[in-house]
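Computed from the coordinates by the stated procedures, all read-outs in this text should not be read as laboratory data. Keep in mind that this is a model prediction, so the values were computed, not measured. Ideal geometry is used to build each Cβ from the backbone, glycine not excepted, and the neighbour counts take in all protein chains shown.
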Amino acid sequence: MNHDALRAFAAASQGGARLIGIDLGTKTIGLALSDLGRQIATPLETIRRVKFTPDAQRLADLCRQHAVGGLVVGLPLNMDGSEGPRVQSTRAFVRNLAPILPLPHVFFDERLSTAVVTRALIEADASRARRGELVDKLAAAYILQGCLDVMRHVADVDFNADPLND
C-alpha cells in the first residue's frame, strides 16, 4: 500500500465528509459508506450494471445524497500483486467517471475481499440467494474498512521520522 497516495487522498478529500467504497464487478457494483468520522464502513447498495452512463449516474446520485468527499475503489490485483485485465478495466472506469463525478479517489487492494465475505456469510448459514444479495456491498464495506484503518494508522505515524534520532 502506497502511504503517500493515502496521505494525498486524505488531504484532497473533504475532511468531515463521508467516503464511499466501491467493489467494481462485471455484473454489479458493490457500495459501502463511511461515517462522518471515517471510522466505520457500512454496506450501502449493490448496483446491477447496465451500461456505463446509468451506472455512473446512480453512483453520482448516491455520492451527492450522502455528501461523499472521496472514493475508495477496490483494485483487483492478481494474487502475485501484478495487474491484469480487471485492473485495467477498473482504472478505465474511474478515468471515465471523473468528468461525471469529480471527487478524489484512491485505489485499495481488494484481493480476497469477496472470498472473506463469502466465507463469513457461509459460516453465518446465509442461503445462497442471501449471499448473492449481500456479497458485493459487504465486499465494498470490507475494502472501505481496510482503507479507513490504514488511513488512520498513516495519520498517526510519521513514516519519514528517523527512529534513531527521536
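When region 72-118 is filtered for residues that are free of Cβ contacts under 8 Å to residues at least 24 places away in the same chain and basic (K, R), the ones remaining, listed by number, are R86, R91, R95. Among the residues of region 92-130, what is the count of those that are over 19 Å from Q145 (Cβ atoms), part of a helix (DSSP H, G or I) and over 13 Å from the mean Cα position of the chain (by Cα)? Final tally of qualifying residues: 9.
One residue stands out in region 54-71 among those that are under 21 Å from K27 (Cβ atoms) and touching a residue at least 40 places away in the same chain (Cβ under 8 Å): the one that is farthest from the chain's Cα centre (by Cα), namely Q57. Quick check on A56: is it crowded, with 18+ Cβ neighbours inside 10 Å, within 18 Å of P102 (Cα to Cα) and either out of contact with any helix residue (DSSP H, G or I) (no Cβ under 6 Å at 6 or more places or on another chain) or of a type outside the set (K, R) (or both)? Judged against the criteria, A56 is a match.
Of the residues making up region 20-69, just one is in contact with a Leu (Cβ under 7 Å, 6 or more places away or on another chain) and on the phi > 0 side of the Ramachandran plot, namely R38. For S82, are the conditions met, namely being among the hydroxyl-bearing types (S, T, Y) and buried (at least 20 other Cβ atoms within 10 Å of the Cβ)? When the stated conditions are applied, S82 does not pass them. Which of the following residues is buried (at least 21 other Cβ atoms within 10 Å of the Cβ), over 13 Å from the mean Cα position of the chain (by Cα) and over 17 Å from V117 (Cβ atoms): S34, S13? Unique residue meeting the criteria: S13.
Identify all residues within region 50-91 that are small (G, A, S), touching a Ser or Thr at 6+ places or on another chain (Cβ under 9 Å) and not in a helix (DSSP H, G or I); write none if there are none. Residues satisfying the conditions are G69, G70, G74.
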